[in-house]
Amino acid sequence: MVNPQWGRQWLLHYVINDWMFLPLVIYCDKKIALGVAYAMWEGVGIILISLCSLWLFDETLSAGQLFGLVLLILGITLIKIGTRATAPKEQGVMQ
């Protein structure tokens, strides 16, 4: 049988997470292109979930999975470097 407290805890966690990260998302939207921010957000999330599964659930990662995480980190780094190199100049009024 499902503990009814779990539902309340999940809802509380969800609301706190949304309100905690909303200012960060608004700030990042002004500083980072949306596509780049989304890719970085997803990549960091996958890495953190993988690390938590190793630590909390004693899961193992195969060589292929580790290689994929390394490629993910490399990809996020390259995206960030490429974004910085091609950052738009100050936006002025279009004439």
Handout entry: Leu74-Leu54 FRET efficiency (beta carbon distance; Förster radius 22 Å; 0.05 resolution)
Key = 0.65
Completion exercise
Placing each pseudo-label 7 Å from Cα in the direction of the beta carbon, Ile26 and Glu42 end up separated by a distance in nanometres of 2.6 nm
Fill in the blank from the handout: Fewest to most Cβ atoms within 10 Å: Thr77, Thr83, Thr60 sort as Thr60, Thr77, Thr83
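Only the coordinates and a few stated rules stand behind these numbers; no lab work does. Just so it is clear, the structure is predicted and the values come from calculations on it, not from any experiment. Every residue, glycine as well, gets a Cβ built from its backbone with ideal geometry; the counts of neighbours run over all protein chains shown.
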